[in-house]
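Asks: Below you will find the structure I want to go over with you.
The values are calculated or read from the model by the stated rules, or taken from the named source; none is laboratory data. In this text the structure is predicted, and so the values were computed from the model without any measurement. Cβ coordinates were reconstructed from backbone atoms using ideal geometry, including for glycine residues, and neighbour counts include every protein chain displayed. All accessible areas refer to the heavy atoms of the entire protein, side chains included, with ligands and DNA or RNA removed. Shrake-Rupley method; radii C 1.70, N 1.55, O 1.52, S 1.80 Å.
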Amino acid sequence: AELLDAVARYLSVQLVGAFSTMRAQHEQRLGEAAAVIRGHLMGEGGLERDGLRLAAVEAAGELDATLVPMRAAGDGHYVAELPDRGPVSLGGDLERDLEGLLADVPVERGAAPSVGVHVLGTGSPLASWLREMGEPCIGALVDVGVIAGERRMGMILRHIDAEPLDDLELSFLSRVAQGARELSLGDEERRQDKRISQALQTGMRNELQRVPGISARGIYSSATQAAVIGGDFYDLIRLPHHHACVIMGDVSGKGVEAASVSAAVKTALGAYSWQGLSPARMVRLLNDFLLGFSRLETFATLFVGIVDRQSSTLTYCSAGHPPSLLIRASGEVESLDVQSGVVGAFHEMRYRNGYVRLSEGDMLLLYTDGTTEARSPTGDFFGDEGLRDAIMMQAPRGFEGFLDRMLNVL
């Protein structure tokens, strides 16, 4: 008896150790799987409508379970997409049971509802109904909350003769659901920001006014779809007394903030130009204007030029902007090298005017740093040299179509 007791004690210790090891391995595997699922979702470049379903399908597969998506059908009714029978409406006790589970979503004080993972035991009306339908019936109901105005939920189920979901598996489902919810909400916020930015840029559309004696063309071309909304802008303004103001700017950042600052900068410069101010004076006022926003942490590079068509002169201020290029009718290319600091960074910044005479047939090329910083498939920058080479190649063919040809080379 003593021998058997000693053996039993020894075996019980070994058994506990084996179960502990198995649990640790199980927990590690589920943690790695949750990270992989999140990586897959992030690799999609943001969650579309199917993103949450994709996460649920991968989670169910990891648990050797079945996904049963559910949706609200209006008027307090719900529909479950059963694996064998397809969409089936719930009713009566089933909907009351479901509403009871959905109402039990934990909420932190001052925070939005988090995800809810609720066990579906064999005694649940939902589980009993699923069993009668011959469907998997034990598992959990996962409620992700309202995404884009729609309640997103689903059941992760196993058959009646399988093991119920353990605490590690329920924790895994909660982790996957919470991660998918955060990514989905972030993606929804980015889409809202994009719509706001597009509205801002529509309101400040880059349109060049017609100025007698000046031919003008502009191109706004983003490097990627995500960069369509940003801080680049340009303008040509017809002024009294045979003057015109040409502007190009690049506000740091992207999205809503950059677009809103661009709108403010462009509007301010347009107002300053009508006051007959010199470019350096306009930029100095704009610098004070931007620094007046205590919460604004952005800056801009600018080229502001005033063309006097009577005296055939260009007065300009280049504030941290890539040097503009004057392409003479003779084919010679001059860099406008009088440079000042960026706008909106420091109060004591000094801004200077540059001057150049113009002749008939001269072309002024303004561009943002996205031009020279563009990369080839091999990773080489287009650079200042590539820009000058393209100009020397395309300028002899004249102004018409010049920017389109330059863009093709770029």
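Asks: Which one of the conditions (1) modelled with pLDDT under 80; (2) part of a helix (DSSP H, G or I) does residue 60 fail to meet, given that it meets all the rest?
Replies: (1) is the only condition that residue 60 fails.
Asks: Residue 257 fails exactly one of the following numbered conditions: (1) within 20 Å of residue 358 (Cα to Cα); (2) in contact (Cβ under 8 Å) with a residue 40 or more places away in the chain; (3) open to solvent by 30 Å² or more (accessible area, probe 1.4 Å). What is the number of that condition?
Replies: Every listed condition holds for residue 257 apart from (1).
Asks: Take residues that are touching an Asp or Glu at 6+ places or on another chain (Cβ under 8 Å) and modelled with pLDDT of 95 or more and tell me which of the strands (runs of 3 or more DSSP E) falling wholly in the stretch 332-398 contain 1 or more.
Replies: Values: elements: 333-335, 354-357, 363-365.
Where strands (runs of 3 or more DSSP E) fall fully within the stretch 332-398 and carry at least 1 residues being touching an Asp or Glu at 6+ places or on another chain (Cβ under 8 Å) and modelled with pLDDT of 95 or more, they are 354-357.
Asks: Continuing with this model, one more query. Tell me, please, whether a residue that is in contact with a Ser or Thr (Cβ under 8 Å, 6 or more places away or on another chain) and modelled with pLDDT of 85 or more can be found in the stretch 86-102. Steps first, please.
Replies: Taking the stretch 86-102 as the starting set, the residues that turn out to be in contact with a Ser or Thr (Cβ under 8 Å, 6 or more places away or on another chain) are 97.
With the extra rule that they be modelled with pLDDT of 85 or more, the set shrinks to none.
No, every residue in the stretch 86-102 fails to be in contact with a Ser or Thr (Cβ under 8 Å, 6 or more places away or on another chain) and modelled with pLDDT of 85 or more.
Asks: Can you name the strands (runs of 3 or more DSSP E) wholly within the stretch 263-327 that have at least 1 residues being closer than 26 Å to residue 390 by Cα, hydroxyl-bearing (Ser, Thr, Tyr) and open to solvent by less than 40 Å² (accessible area, probe 1.4 Å)? Quick ask: steps written out before the conclusion?
Replies: Details: elements: 300-308, 313-319, 325-327.
It comes to 300-308, 313-319.
Asks: Okay, moving on. Would you tally the residues in the stretch 385-400 being open to solvent by 30 Å² or more (accessible area, probe 1.4 Å) and of a type outside the set (D, E, K, R)?
Replies: Narrowing the stretch 385-400 to residues open to solvent by 30 Å² or more (accessible area, probe 1.4 Å): 385, 388-389, 392-393, 396-397, 399-400.
After this cut, where a residue has to be of a type outside the set (D, E, K, R) as well, the list is 392-393, 396, 399.
Total meeting the criteria: 4.
Asks: Now for a different question. Which ones in the stretch 341-381 are of a type in the set (Val, Ile, Thr) and without any contact (Cβ under 8 Å) to a residue 60 or more places away in the chain? Talk me through it step by step, then tell me what you get.
Replies: Going residue by residue through the stretch 341-381, those that are of a type in the set (Val, Ile, Thr) are 342-343, 356, 368, 371-372, 378.
The answer is 342, 356, 371, 372, 378.
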